[in-house]
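S.K.: I am attaching a structure below and will ask some questions about it afterwards.
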Amino acid sequence: MSSSNKPSFLGTLNAIVNGERRGFEFLDAWALKTRNAELSGMLKTVSLREAEHAASFEKRMCELGYGLQEREDPKFKKTMKIVQSDLDDVEKFEKLGIGQKEQEGEDQLLQLLADKSIDPHTAALLGRFIAEERDSGHLLQQAYQCAKGIDPVPEEKATLTDIQEQLAKLTEIVGELQNKPTKKKKPRVSAVK
Ligand SMILES: [Fe+2]
């Protein structure tokens, strides 16, 4: 494929794959390290989602005719050192800034969905990704409470119906965004926080 046909969103797909791969790696290592079985299960759920997102977006890049460009993250060694250390799980959450507050970066991804040059297949993948990342953010907030010995509120557990509802809402927002001109912003993508 010539560079003139290169999709504008390719860099974002590449950044997602790199970020999600790292997300899988550190959450999986943490799930193996912790002695809290409930916490381990929660971390494992999110880590497997990250791995699946990385594979799905890399597959999409391949289908579009592009290979992945691996990008280093200078902070990642420190992240791995923290999760593999003997620190208390609560301290790990706090040092990594995970499970503390709502995730940032969603607005930029929504702006990207409003890009009219995006194909329906990639847009559908991004929509599902945003909804699942949002749910993973909530799950990590519950995991932090679990590490502190506080039982997560059962009502907050997301069901498939919740995710489908969120996806429907996102589709609505995207529809609205597409109807108004937007400034082009470079999306910032990072692993789940
Ligand atoms: Fe993620």
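The values are calculated or read from the model by the stated rules, or taken from the named source; none is laboratory data. Model, not experiment: these values are computed from the prediction. Because the Cβ atoms are built from the backbone with ideal geometry, glycine has one as well, and the counts that use them run over all protein chains shown. Calculation scope for accessible area: heavy atoms of the full protein, side chains included, ligands and nucleic acids excluded. Shrake-Rupley method; radii C 1.70, N 1.55, O 1.52, S 1.80 Å.
S.K.: Extending each Cα 7 Å along its Cβ direction at Lys101 and Lys116, get the distance between those two points in nm, one decimal.
M.R.: 3.6 nm
S.K.: Follow-up question, since we're still on this one. As a test of reading the structure, rank Thr159, Thr34, Thr171 by solvent-accessible area (1.4 Å probe, protein chains only), most first.
M.R.: On the way: Thr159 70, Thr34 20, Thr171 90 Å².
Reading off the accessible areas and sorting them downward yields Thr171, Thr159, Thr34.
S.K.: In addition: Once both labels are modelled 7 Å past Cα along the beta-carbon direction, what's the Cys62-Asp151 spacing in nm?
M.R.: 4.5 nm
S.K.: If you don't mind, another one. What size of dipole, in debye to the nearest 20, comes out for the range 1-107 about its Cα centre when the only charges are +1 on Lys and Arg C-beta atoms and -1 on Asp and Glu C-beta atoms?
M.R.: Values: 17 positive and 20 negative charges, 67 e Å.
Around 320 debye, computed over the range 1-107.
S.K.: Could you tell me which of Gly19, Cys146, Gln69 has its Cα farthest along the dipole of the range 7-178 towards the positive end, charges placed at Cβ (Lys, Arg +1; Asp, Glu -1), taken about the Cα centre?
M.R.: Gln69
S.K.: Diagonalise the Cα gyration tensor of the range 7-178 and give the resulting equivalent ellipsoid semi-axes, square root of 5 times each eigenvalue, largest first, whole Å. Please list the in-between numbers first.
M.R.: Values: eigenvalues 168, 82, 31 Å².
Calculated on Cα positions only, the semi-axes equal 29, 20, 12 Å.
S.K.: For a Förster distance of 25 Å, can you work out the FRET efficiency between the beta-carbons of Gln164 and Glu38, rounded to the nearest 0.05? Could you put the intermediate results ahead of the total?
M.R.: Numbers: r = 26 Å, r/R0 = 1.05.
E between Gln164 and Glu38, to the nearest 0.05, is 0.40.
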